[in-house]
Amino acid sequence: MAWKCSATTNVGLITNLQTAGIIKDPRIAKAMASVDRANYCPNNSNPYADSPQYLGYGATISAPHMHASCLELLKDQLLRNNANALDIGSGSGYLVACMGRIIQQNQGSGRVYGIEHIKQLVDTSIANCNKDCPDLLKDKLISLAEGDGFAGLPDAAPFDCIHVGAASPEIPPALVEQLKPNGRLVIPVGPDGGMQYLMLIEKDENGNVKEYQLDSVRYVPLCSVEYQLKSCLLYTSDAADDL
């Protein structure tokens, strides 16, 4: 039912995601309702459609139902005291802002780091957040910077949760290493253009790791800058990620 969640307003979109049972927790609904997706999509796009929107440079902003599903998977970690979260392939900055609004509900303690390897997208994401949620930047609840997704962000680790917004051929060991005990990693895994699955990785209090295969999806690849820019003409607005 996810594809039926499209709307003409941000509030309508979130309401439809709740009605479809994709958003279950009212705290996620509150956070997503306070982050206007239109501020993170290009002017010629359809921001309230429940589908990916092309950002340029071979990148997309994921479909709203995917963002909502991932936030549901990570909500317990995001709502911990002084939660430390990482969004890899942060693109437009939208999910970083949503995660920041969730953390803000827990007395404003914690931080969300967004890393993106395309400088132009980093610059755009900062501008988007300055327009939509300047308080999160001012209060240092969120930050956005250039970074290599495969390497994570070791200087800010360990993390309660990590979200990856592009498909990796395999689960990067560095990301698992950077999880805290009882931490979670959500990442699409599979070849570019091939069968991909959303994976949930959990690390228990003793450091033991379990992997869970969730749903089939289709994401743009987690790759080098050179590969992404060379291939960017292939990833237009019909490059969908779907549950």
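The values are calculated or read from the model by the stated rules, or taken from the named source; none is laboratory data. Note that the structure is predicted; figures quoted are calculated from it, not measured. Heads up, the Cβs are rebuilt from the backbone with ideal geometry, glycines too, and the neighbour counts pull from every protein chain shown. Accessible surface areas use protein heavy atoms only, side chains included; no ligands, DNA or RNA. Shrake-Rupley method; radii C 1.70, N 1.55, O 1.52, S 1.80 Å.
Among the residues that make up region 36-46, is at least one of them basic (Lys, Arg) and open to solvent by less than 30 Å² (accessible area, probe 1.4 Å)? Yes, because at least one residue in region 36-46 is basic (Lys, Arg) and open to solvent by less than 30 Å² (accessible area, probe 1.4 Å).
The criterion of at least 2 residues that are open to solvent by less than 20 Å² (accessible area, probe 1.4 Å), in contact with a Phe, Trp or Tyr (Cβ under 8 Å, 6 or more places away or on another chain) and at pLDDT 95 or above is met by the following strands (runs of 3 or more DSSP E) wholly inside region 167-243: 179-189, 196-203. Taking the condition outside any helix (DSSP H, G or I), surrounded by fewer than 24 Cβ atoms within 10 Å (Cβ to Cβ) and in contact with a His (Cβ under 9 Å, 6 or more places away or on another chain), does residue 87 pass? No. In the condition set (1) of a type outside the set (Phe, Trp, Tyr); (2) buried (at least 22 other Cβ atoms within 10 Å of the Cβ); (3) part of a loop (DSSP other than H, G, I, E, B), residue 55 is compliant with all but (3). Taken together, the residues in region 6-35 that are touching a residue at least 60 places away in the same chain (Cβ under 8 Å) and open to solvent by 30 Å² or more (accessible area, probe 1.4 Å) amount to 3.
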